[in-house]
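Below you will find the structure I want to go over with you.
The values are calculated or read from the model by the stated rules, or taken from the named source; none is laboratory data. Predicted model, so just to flag it, every value in this text is computed and none were measured. Methodologically, a virtual Cβ is constructed for each residue, glycine included, from the backbone with ideal geometry; neighbour enumeration extends over all protein chains shown. SASA here: full protein model, heavy atoms, side chains in, ligands and nucleic acids out. Shrake-Rupley method; radii C 1.70, N 1.55, O 1.52, S 1.80 Å.
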Amino acid sequence: MHIRVGYDIVYDCPAPTPMFLLLSIRPERFADLVTDQIIRFEPAAPTHRFLDAFGNIAERLIAPAGPIRFRADFVVADSGEPDPVVWDAVEHGIADLPDEVLPFLLPSRYCDVDKMSQLAWDLFGGAGRGWGLVQTICTYVHERIVFGYHHASATRAASEAHEERVGVCRDFAHLAITFCRAMHIPARYCTGYLGDIGVPPREPMDFSAWFEVWLGGAWRTFDARHNVPRIGRIVMARGRDAVDAAISTSFGQTGLTRFDVITEEVDEAAGPTWRPRASDQ
């Protein structure tokens, strides 16, 4: 299948503001691009692209004073298959883990493993191991937290999400990651596109967060918010938690004045059916 993705984001900057953005899809998906991924900056600003420590593509710039707009609209090919479920994917002992996986066992800004370790073992110590354990964690988190955009908080750590029992997709991911790390299963944070493909539509569309764990010698996808395999995930960034995968990081005051995200299946037989919006011209 083909999936149309993109965004239209506007920040207002009182003064010139250094920023870096993680708005590109991951390099692993470049071969799936059906149309060019072009990131437009309005007004035009010099940018520098680099690969960060987690393999994410970042754009670095100094946003001028006033409003600045970032937008893109492109198509990605996808298998159309739901997230794989591999019940027999084995769990690895820590001594057998690859070196590069070890950081994803440690506490991070939003995944306060040190605070949650005893609770994790109390809750899940008898839940078996491997895929079944991670699924048990996902189900617990899915039932523990109530989703709502009005519950969003930029400072909420996993332990706070557990106590407050509310949050957005990043909070579901952070809590599940924290429990997995406490149970000695490497887990990393993911953000990207996840449209309403194969499920009832919801509004508004947004970027989504989920997580991956290291089982059976590979990273495996899990989603504590939805808690079911989904179709059409397109990763933009990975990291230890939302700090490493923020779509924008600014070093100065900014105000978000527009935030529109596109993620929708394209009728390949009919070809592209969308037209530029008046505001895009």
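Normalising by the residue count of the chain, find the relative contact order in percent from Cα pairs under 8 Å and 6+ residues apart. Don't skip to the end; give the middle numbers.
Working: 597 pairs, mean separation 80.4, N = 281.
Dividing the mean separation by the residue count of the chain yields 29 percent.
If I build a Gaussian network model for the chain, linking alpha-carbon pairs within less than 10 angstrom, which residue out of Asp12, Asp241, Asp96 has the largest mean-square fluctuation?
Most flexible of the set in this elastic network: Asp96.
Could you tell me how many degrees, from 0 to 90 and to the nearest 10, lie between the Cα long axis of helix 130-144 and the main elongation axis, the longest principal axis, of the Cα atoms of the chain?
70
Please calculate how many Å² of accessible area the chain carries per residue, with a 1.4 Å probe and no DNA, RNA or ligand atoms counted. Intermediate results must be reported in sequence, preceding the final value.
Working: 12860 Å² over 281 residues.
With all protein chains present, the chain gives 46 Å² per residue.
Output the 0 to 90 degree angle, nearest 10, between the alpha-carbon long axis of helix 169-182 and the longest principal axis computed from the alpha carbons of the chain.
30
Take every Cα pair under 8 Å in region 210-252 that's 6+ residues apart, average their separations, divide by the length, and report that relative contact order as a whole percent.
21
Over the residues of the chain, compute the C-alpha Rg and express it relative to 2.2 N^0.38 Å.
Details: Rg = 19.2 Å, N = 281, 2.2 N^0.38 = 18.7 Å.
Relative to the 2.2 N^0.38 Å estimate, the chain comes out at 1.03.
Over the alpha-carbon set of region 1-108, divide Rg by the Kirkwood Rh and report the Rg/Rh ratio to two decimals. Write out the running numbers ahead of the final one.
Working: Rg = 18.7 Å, Rh = 17.2 Å.
Ratio of gyration radius to Kirkwood radius for region 1-108: 1.09.
Let me ask something else. Output the Cα-based Rg and Dmax of region 120-176 in Å, rounding Rg to one decimal and Dmax to a whole number.
In Å, with Rg to one decimal and Dmax whole: 11.8, 36.
Rounded to the nearest 5, what % of DSSP beta bridges with both residues in the chain are antiparallel?
Working: 57 of 59 bridges.
Among the beta bridges of the chain, antiparallel pairing accounts for roughly 95 percent.
Which chymotrypsin sites (Phe, Trp or Tyr not before Pro) in region 1-108 pass both tests, a DSSP loop state and at most 10 other beta-carbon atoms within 10 Å? Show your work: numbers first, answer last.
Working: sites: Tyr7, Tyr11, Phe20, Phe30, Phe41, Phe50, Phe54, Phe70, Phe74, Trp87, Phe104; in loops: Phe54, Trp87.
Here the sparse-neighbourhood loop sites are Trp87.
If you plug each phi of region 66-75 into the Karplus form 6.51 cos²θ - 1.76 cosθ + 1.60 with θ = phi - 60°, what whole-Hz ³J(HN,Hα) values come out, in order, with x for Gly and Pro?
For region 66-75, the Karplus curve yields x, x, 10, 10, 10, 8, 7, 7, 8, 10 Hz.
Kindly express, to the nearest 10 degrees and within the range 0 to 90, the angle between helix 113-124's C-alpha long axis and the longest C-alpha principal axis of the chain.
60
Percent of accessible area on region 139-281 owned by carbon and sulfur, 1.4 Å probe? Present the calculation step by step, with values, prior to reporting the outcome.
Values: 3130 of 6080 Å².
Carbon and sulfur together cover 52 percent of it.
Something else about it: Helix-only mean residue ellipticity at 222 nm, the chain, DSSP H runs n ≥ 4 weighted -39,500 (n - 2.57), per residue, nearest 500. What is it?
Roughly -5500 deg cm²/dmol at 222 nm, from the helical runs in the chain.
Shifting gears a bit: Set Lys and Arg Cβ to +1 and Asp and Glu Cβ to -1, take the dipole of the chain about its Cα centre, and tell me which of Thr263, Phe207, Ala44 lies farthest positive.
Positive-most Cα among the choices belongs to Ala44.
Now a separate question. Between region 201-225 and region 148-186, what is the separation of their alpha carbon centroids in Å?
Comparing the Cα centres of region 201-225 and region 148-186, I get a distance of 13 Å.
In region 215-263, what trypsin sites (Lys or Arg not before Pro) fall in a loop by DSSP, with at most 16 other Cβ atoms inside 10 Å? Mind dumping the intermediate values first?
Working: sites: Arg220, Arg225, Arg230, Arg233, Arg238, Arg240, Arg258; in loops: Arg225, Arg230, Arg233, Arg240.
Those that pass, being in a loop and sparsely packed, number zero.
Something else now. Between Rg and the Kirkwood Rh of region 129-281, both from Cα atoms, what is the Rg to Rh ratio?
On the way: Rg = 16.9 Å, Rh = 16.9 Å.
Computed over Cα atoms, the ratio is 1.00.
Pulled fully out, how much extra length does the chain show between Glu81 and Arg144, if you take 0.36 nm times their separation in residues and subtract their Cα-Cα distance? Each step should come with its number before you reach the end.
Details: separation 63, 0.36 × 63 = 22.68 nm, distance 2.82 nm.
Additional length available on full extension: 19.9 nm.
Based on the Kirkwood radius over alpha-carbon pairs, what value in µm²/s does the Stokes-Einstein equation return for the translational diffusion coefficient of region 49-161 at 20 °C and 1.002 mPa s? List each step's numbers first, then the result.
Details: Rh = 18.8 Å.
After rounding, the answer is 114 µm²/s.
While we're here: Using only the alpha-carbon atoms of region 200-273 as identical scatterers, what base-10 log of I(q)/I(0) does the Debye formula give at q = 0.15, 0.16, 0.20, 0.28 Å⁻¹?
For region 200-273 at q = 0.15, 0.16, 0.20, 0.28 Å⁻¹, log10 I(q)/I(0) is -0.77, -0.86, -1.14, -1.49.
Can you tell me the equivalent ellipsoid semi-axes for region 101-140? Use √(5λ) from the Cα gyration tensor, largest first, whole Å.
19, 13, 9
Please report the spacing between the Cα centers of region 114-130 and region 1-80 in Å, no decimals.
Value for the Cα centre distance between the two parts: 38 Å.
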